[in-house]
Structure formats: structure tokens, C-alpha cells
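Here is the structure we will look at.
FYI, it's all coordinate maths here, none of it is from the lab. All values reported here derive from a predicted model rather than from experimental measurement. All Cβ positions, even for glycine, are placed from backbone atoms using ideal geometry, and neighbour counts span all protein chains on display.
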Amino acid sequence: MVDERSGIEIVVVESAGFCFGVKRAIDIAFDLARKDRRGIYTFGPIIHNPQVIEKLRDKGVFSTEDVYQDDAKVMIIRTHGIPLDLMEKASKMGYEIVDATCPFVKKAQHYAKLLSEEGYQVIILGDRDHPEVKGLVSYAGGDVLVIGDKEILPELKHRVGIVVQTTQPVENLKRLMGKVMEQSKEMKVYNTICNSTAQRLAETAQIAGRVGVMVVVGGRNSANTTQLANLCSSVPVRTYHIETAAELKLEWFKDCRKVGITAGASTPDWIINDVREMIKDIGGRQG
Ligand code: SF4
């Protein structure tokens with residue numbers, strides 16, 4: 001619908017913003033903070049969104065990368081999970097562990113372990129620097145390879161098992177499966193891609209194809225937000241990746257009457273609403 005004040009039509013992707021796993025983790029963290037408990041930590045940023053992390057800090061929930069936290073009473077495990085050895089160390093620390101690992105990530109961890117126990121060479125398709133993948137590697141035991149999209153495969157064993165970082169596009173998995181089949185005799189695949197990511201990508205692509213500008217909202221350190229920005233750019237449509245409404249610029253919307261907004265799984269509704277309102281203001285100023 002065209003906004004009367006600005007004359008701009010703003011279309012927000014329906015699935016933009018918090019996914020199930022992130023909402024669950026954030027609710028856990030804010031619930032604990034409401035109980036006025038001191039010494040609440042999250043292992044690593046609970047989600048990849050600096051503004052939410054700051055809000056949690058204001059409520060007394062701090063992020064740490066160190067399981068040895070002397071004053072910790074509660075340690076919340078982030079949505080992406082943590083490596084097995086760190087979990088074991090944390091469990092000996094005497095504080096309460098509240099596991100906010102997304103159940104879908106937990107499933108991927110379970111399958112990585114299962115494949116390893118069944119004697120497969122485990123391939124994890126994903127970004128090796130991402131915390132979720134680092135966690136998956138620890139569950140897959142010793143015989144594990146992390147393969148990023150379009151990477152050349154090394155020589156593989158005859159029995160290969162595949163687990164996928166939850167935010168990977170299905171095209172990457174199809175490509176990898178094709179390449180593995182050229183080498184191996186047996187391939188077992190657990191498609192651990194999360195539907196919410198695929199759905200958000202599909203809805204975003206659809207809207208990006210019918211607007212003049214796409215604004216992608218979310219942390220610059222958020223893999224799935226960056227993926228949305230890359231997807232929009234490839235449509236192609238003029239795309240801007242921002243973290244907050246304060247970054248919007250008047251000139252981006254010059255001669256543009258239809259704007260799409262999408263957001264990563266770790267972007268809260270209040271930031272998406274701020275962006276929508278600011279775009280209306282900008283449109284109004286353009287006359
Ligand atoms: S994107 Fe999917 S796997 Fe990742 S936290 Fe959200 S619901 Fe869980």
C-alpha cells in the first residue's frame with residue numbers, strides 16, 4: 001500500500017526478522033534478566049545483532065567468550081551453539097547452564113556426531129569461521145572437512161556423510177552433492193538447512209524483483225543478513241545493508257516510489273519498524 005505521507009510504497013518481507021530459534025533465545029535471556037539475577041552471561045553474543053546485545057547489557061546480561069567466568073551464576077549458550085569441549089568445561093564450572101542453542105542447530109550437531117559414529121568421513125557445508133560450524137566440527141570427531149560453497153574438494157574417502165550449516169542455501173547443498181558423487185561410492189546426507197532461512201530468501205527474492213530499492217536490515221556480522229543483501233544485489237536491484245534506521249540516506253530513494261525491506265533472523269521488529277518509519281519520513285521530505 002502507498003503511504004499517503006511519503007507517496008512511497010513500502011513492502012516488508014513477511015518473514016523478515018526474528019526466527020523461531022532467535023526469538024526463543026532472546027526470550028530466555030530477557031526472562032532471566034527480569035528475575036533480577038546477578039551474574040548472567042551469554043557465551044559469545046547470543047545472536048548476531050549489536051543493538052540487541054546492547055539492550056541485554058543494559059538489563060545486566062553480558063556476553064563473554066570465556067567459560068572461566070568467576071562471577072557467573074548463569075551461562076546462557078548462544079543460538080548457534082558452542083563446541084563440545086567448551087560445553088564440557090562449562091559444565092564443570094559450578095554455574096547454571098541454560099542452553100539456548102536453537103533446536104535445529106542441535107539436530108545438526110546430533111547428525112554430525114551420528115555420521116562420525118557410523119564411520120563416515122563427515123563433510124560440513126558452511127563457513128568455517130562461523131560459530132555454528134565450529135560447534136558442528138567438534139561433534140563430527142576427527143575425520144571431518146569443512147567445505148565452503150564453490151570450494152574445490154580434496155580427495156575424499158569412499159563413505160562420505162554431509163551435514164549443512166542451517167543457514168546455507170539449498171543450491172549450495174545440491175552443488176556439493178554432485179561433486180561428492182563424482183568421487184565417493186556412498187553418500188549419506190542430512191539436510192539440516194533451516195526452513196525459515198529458505199523461506200526468507202525466497203520471499204526476499206520475490207519482493208526484490210518488483211521494487212526499485214531493497215533495504216536489508218541486520219547486523220553486519222550476521223551471515224544470514226549478508227546472504228540476503230547478496231541475494232538482492234544479484235537480482236539485480238539497488239540494495240543497501242544497514243544495521244539501524246540512522247544509516248538511511250535521502251539520496252538512496254531519489255526517483256524511487258517502491259521500496260522493499262527485508263531483515264535477517266537476528267533483527268528485532270523495533271529496528272524494522274524504525275526503518276519503515278524513517279523511509280516514510282524521507283519520502284515525505286522528497287515531496
Ligand atoms: S535460522 Fe533456523 S536454525 Fe538458525 S536460529 Fe533461526 S530457527 Fe534456528
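The calculated 222 nm mean residue ellipticity attributable to helices in the chain amounts to -12000 deg cm²/dmol, summing -39500 (n - 2.57) over DSSP H runs of n ≥ 4 and dividing by all residues. Each 5 Å bin from 0 upward holds the following percent of the Cα-Cα pairs of the range 20-101: 3, 17, 31, 27, 16, 5, 0. Cα centroids of the range 192-229 and the range 121-151: 23 Å apart.
In the range 104-193, the ratio of gyration radius to Kirkwood radius, Rg to Rh, stands at 0.91 when only Cα atoms are counted.
For the range 104-193, what does the relative contact order come out to in percent, with C-alpha contacts under 8 Å and a separation of six or more? Over the range 104-193, the number comes to 34 percent. Of the residues Trp270, Trp252, the one with the fewest other Cβ atoms within 10 Å heads the list, and the complete ranking is Trp270, Trp252. What the Cα convex hull of the range 14-157 gives, in volume per residue, is 126 Å³. Computed from the Kirkwood radius of its Cα pairs, the Stokes-Einstein diffusion coefficient for the chain at 37 °C and 0.692 mPa s stands at 161 µm²/s.
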